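Scroll down for the structure; my scribbles are underneath it.
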Amino acid sequence: MALVRRKTPSIEISPQQLVEIDSPTADAIEREYCERRLINFLQRAWHVVEPKIPLSREGLWYMEAMCEHLEALYRSEILNLLINIPGRMGKSLTSVVFFPSWIWAIAPEFRFIFGSYSAYLSRRDSRQTRRVIQSSWYQRLWGDQFSLLGDQNQIERFDNNQSGYRIATSVGGLGTGEGASIIGVDDPHNIKQAESDTQREDALNWWDETMGDRLNNQRTGGKLIIAHRTHARDLSAHVLEQGGYTHLCLPMEYESDRSCFTKVRPRDAEVETKQEEDTGETLYCHDPREEEGQLMDPSRVGPPELERLQRSLGSYAWPARLQQRPSLREGGMIKLDWFPRYRVPLNHYDEIVQSWDTANKKGAQHAYSVCLTIGRTKGKDHLLHVFREKMNIPETQRTVKNMANTHWGPVSALLIENAASGVGIIQHLQADTTLPIIPANPTLDKETRMDIETPALEAGNLWLPEEAEWLPEFETEMRDFPSSRFMDQADALSQYLAWARQKVPTDWSMY
């Protein structure tokens, strides 16, 4: 099926000005405004489905990011789209209600099949779509483009007189027969089903086998998955492993090392870009947040609400459902029994190394600045001390200098991550001190960096004390990683382990 937009003149005028214009002209302007971009349509149609709940202006950025990717799917600029975003952020309304309604305003011949883990949810979204299309607002603007057929105007399926239709199904349904221009699933797993290997595999097989050949045109048709994460082996993980999906991933709290880049070009010309390592193609950033821990929409979920959500969901569920980084329930990446224990520190160490992970700002919502002090001798690495405080950059600079002369002697290597706040701290210390600064340049995400270093931990190369004031928090973060609330201690540890692994020893008798 050809993907053709109905051509209309481009008129730059805001919807607020429409009230000052006579009705026929105002309708033509509003129609052109809505057809131009899905986000425009969403803002104008919002009142139809949520007449009492205003659209959040603070959250408009992530809705626009979703809309830009959905538009690219409609234009066949991308063919497979995965969107991971927390629940209750308008993902269903945007993707399976407003999106098909907007396309029918432009190309009413399009055919859709949308599913969910629940037939109830699929029918709910189908009713909402029909509610938009049958509204007086929509009919006033596009009533002359198509009409719904009376003999196929049901909850599970409704057709229009231009050969388009929208079918609602559920995971496991739609055995044979129908195809579509775009197929999609909104939340393929519920929380309990995701914990069942059998039910989770059923959902994966349904997507691969039942829905896999439903596109009417395999060259131009689109596949859409939109969900919050539920399990480390859910459908999102499955298709990411298969490859070929554009992945828009927006966590509740901003994590700088997971900032989302895709091939879809945003309308904002000032957006940050980078080059894809394998192909050299330009990737565009879709998360405008800059501060670590910055929330998606503070008008809806601020720090107190987030804290309540985290307590309610628990340490296993909230990293998946809010941050889109699930872990396996049977344990994290690091096992506490990998760490041998020492009773008291040695009197002498051949080397004292400190590994710093520095934060940008001081505040309850920001990350900690962390320093691990490690004593090295004859192949044994003793973690001697963990410093962990929330500090601003000047405080961090002073603390790094003060801590460099330890109880066990001066440091022989001082590792500082050469990114974000660490860049300025390194420059300041190199200019003002003779400390043995070693800039560490991370190129991978937190989880991958630690994954590379886990063999050293599993081999028992890092010893922990039997008792220490800082030990419980360190053990908790290691046990829960990568689902920990904060991962600064883990970052500092993987940074040290990478340095130790790559270090060329000058005295081989130590090893």
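Readers should treat all values here as calculations from the given coordinates under stated rules, not as data from a laboratory. Just so it is clear, the model here is predicted, and its values are computed rather than measured. So basically every Cβ, Gly included, is an ideal-geometry build from the backbone, and we count neighbours across all protein chains shown.
Summary table below
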| item | result |
| --- | --- |
| Cα centre as origin, Lys/Arg/Asp/Glu Cβ charges: the range 243-400 dipole, Debye | 740 |
| Crossing angle, helix 393-403 versus the chain [Cα axis fit, 0-90 degrees, rounded to tens] | 30 |
| Excluding exposed DSSP-loop GluC sites (Glu not before Pro) (at most 12 other C-beta within 10 Å), longest clean stretch of the chain | 59-269 |
| Out-of-range pairs (alpha-carbon distance over 24 Å; input K91/K223; K91/K263; K52/K91; K274/K335) | K274/K335 |
| Mean separation of Cα contacts under 8 Å (6+ apart) over length of the chain, as relative contact order % | 13 |
| Packing-based exposure ordering (other Cβ within 10 Å, fewest first) of T396, T443 | T443, T396 |
| Rounded tilt (10° steps) of 303-321 against the dominant C-alpha axis of the chain | 90 |
| Kirkwood Rh and Cα Rg combined as Rg/Rh, the chain | 1.05 |
| Efficiency of FRET from Cβ geometry, R57 and E276, R₀ 22 Å, rounded to 0.05 | 0.10 |
| Relative contact order (%) - the range 336-510, alpha-carbon pairs under 8 angstrom, separation at least six | 29 |
| Rounded to 5, the percent of DSSP beta bridges in the chain classed as antiparallel | 45 |
| Among the listed pairs K390/K446; K378/K446; K378/K401, those beyond 24 Å (Cα-Cα) | K378/K446; K378/K401 |
| Potential lengthening between Y342 and Q145 on full extension [0.36 nm per residue; Cα-Cα distance subtracted] | 63.2 nm |
| Zone of A26's modelled label, taken as backbone nitrogen in the range 49-80 under 20 Å from a point 7 Å along Cα→Cβ | 49, 51 |
| Tilt relative to the chain, helix 446-458 - C-alpha long axis, 0 to 90 degrees, to 10 | 40 |
| Furthest towards positive pole of dipole, T262, G280, G314, structure part the range 244-380, Cβ charges | G314 |
| The range 15-285, relative contact order in percent, only Cα pairs under 8 angstrom and at least six apart counted | 22 |
| Surrounding net charge for I426, when Lys and Arg each add one and Asp and Glu each subtract one, Cβ distance under 12 Å | -2 |
| Dipole in debye (nearest 20) - the chain, about Cα centre, beta carbon charges: Lys, Arg +1; Asp, Glu -1 | 920 |
| Length released on extending from Q199 to D445, taking residue separation times 0.36 nm less the Cα-Cα span | 85.5 nm |
